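As structure tokens, the structure follows; a few thoughts come after it.
The values are calculated or read from the model by the stated rules, or taken from the named source; none is laboratory data. Worth saying up front: this structure is predicted, and the values here are computed from it rather than measured. Cβ: placed from backbone, ideal geometry, glycine included. Neighbour counts: every protein chain shown.
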Amino acid sequence: MDSGNDSTKIGPTRFLVVAASLVIIIIGLSLAQSVVVLFLISIFIALLGAPPLLWLKEKKVPSLLAVLIVVTAMIIIVLLITAQIGSSINGFVTELPQLQRDLGERLVDMSKYLATKGIIVDDGYLIEYFNPDDIMGFTAGLLTGMSTVFSDLILILLTVTFILLEVSSFPVKLRAILGDPKQAFPQFTNFIIDMKRFMVLKTMINLAAGILVGIWMYILGVQFPVLWGFLAFLLHYIPNIGAFLSAIPAALLALIQLGPGSAILVILGNVVIGFVIGNMVEPRLMGKNLNLSTLVVFLSLIFWGSLLGLAGAILCIPLTITMKFAFESSDKTRWIAILLGSEDTKEFRIPVEIFKRPRKKA
């Protein structure tokens with residue numbers, strides 16, 4: 001009668017407790033969405049600011065001065081972006097009612113053109129399923145959401161400042177909690193390094209994609225090219241569908257301004273840039289893949305997007321990787337990490353005993 005390992009086995013009661021705890025956590029995250037999103041954005045920006053901060057510290061710059069230099073550089077960059085993007089957003093929102101009317105007229109013209117080819121489509125039916133108000137309103141809502149993030153900029157930058165101030169002292173505090181001043185955390189350290197590398201490289205790659213999209217919009221003569229370049233930069237964080245989503249509002253504007261041919265060129269340009277970036281540039285620069293199942297990537301996009309909105313969709317990959325790392329840290333939950341991972345599971349070794357039912361005591 002071996003009862004010593006019962007704590008490593010998964011029983012129905014423990015499973016129900018864990019499931020109920022997860023439901024409570026999810027509900028709590030949903031109710032505190034604005035605070036959670038602000039905190040996640042702050043962590044994301046802090047990860048981008050950590051490499052230059054550590055570089056300054058290697059050059060013997062005092063911690064406080066190094067943080068001030070990094071945060072000041074961030075403020076300058078954000079102000080430049082806000083100045084460029086803010087005017088484009090205001091211009092787009094101002095012209096939105098006229099754009100919606102023009103798009104409705106384009107849809108009517110399209111139905112007439114299809115009628116000349118023998119394809120009869122009712123105008124009302126076409127406008128109902130391609131509602132100009134809904135399509136352009138979605139774009140305006142997305143841009144307004146970004147403006148809301150900019151309005152919380154002071155609070156975000158303050159949070160980033162305090163996070164960066166804690167970067168160097170966190171390992172010391174963790175060792176003090178564990179009572180071992182020489183304790184090393186190789187797995188956690190490697191995870192943080194990989195996460196920083198992923199976020200920095202992904203941001204640089206998305207910046208290149210946004211610049212290329214903005215140049216392409218400018219060449220085609222589409223209005224607000226800086227805005228569409230910034231939207232491409234932002235939505236390329238969303239896996240698989242980000243490039244296509246960023247092309248829709250620009251293509252609709254090109255349809256209104258320049259006609260169907262230019263709209264098709266806008267979509268083709270965005271798709272080609274997204275394909276080259278996602279299938280050629282990223283694998284070469286990132287090196288190893290994310291070790292996440294394709295299905296998990298798609299489901300994580302739906303889950304985090306529905307839970308935290310646009311910020312959740314943008315950060316779904318880092319959040320899922322963090323969850324996977326947490327599950328890998330314990331033998332009891334490592335099987336969940338395998339389910340989240342790709343088909344290559346050679347590095348995982350899970351005790352078979354955790355799946356066995358506990359024996360009844362005699």
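In the stretch 76-109, of all residues being small (G, A, S) and surrounded by 13 or more Cβ atoms within 10 Å (Cβ to Cβ), the one that is farthest from M217 (Cα to Cα) corresponds to G104.
Check whether at least one residue in the stretch 97-118 is among the small types (G, A, S), modelled with pLDDT under 75 and out of contact with any helix residue (DSSP H, G or I) (no Cβ under 8 Å at 6 or more places or on another chain), and report yes or no. Yes, the conditions are met somewhere in the stretch 97-118. Considering only residues in the stretch 216-233 that are in contact (Cβ under 8 Å) with a residue 40 or more places away in the chain and assigned to a helix (DSSP H, G or I), the one that is surrounded by the fewest Cβ atoms within 10 Å (Cβ to Cβ) turns out to be V226.
Of the helices (runs of 4 or more DSSP H) lying entirely inside the stretch 238-307, those containing at least 1 residues that are at negative phi and small (G, A, S) are 242-257, 260-276.
Kindly establish whether G210 is surrounded by 22 or more Cβ atoms within 10 Å (Cβ to Cβ) and in contact with a Gly (Cβ under 7 Å, 6 or more places away or on another chain). Considered against the rule, which asks whether it is surrounded by 22 or more Cβ atoms within 10 Å (Cβ to Cβ) and in contact with a Gly (Cβ under 7 Å, 6 or more places away or on another chain), G210 comes out as yes. You will find that of I127, I177, I135, the residue that is surrounded by fewer than 11 Cβ atoms within 10 Å (Cβ to Cβ) and either modelled with pLDDT under 75 or in contact with a Ser or Thr (Cβ under 6 Å, 6 or more places away or on another chain) (or both) is I177 and no other.
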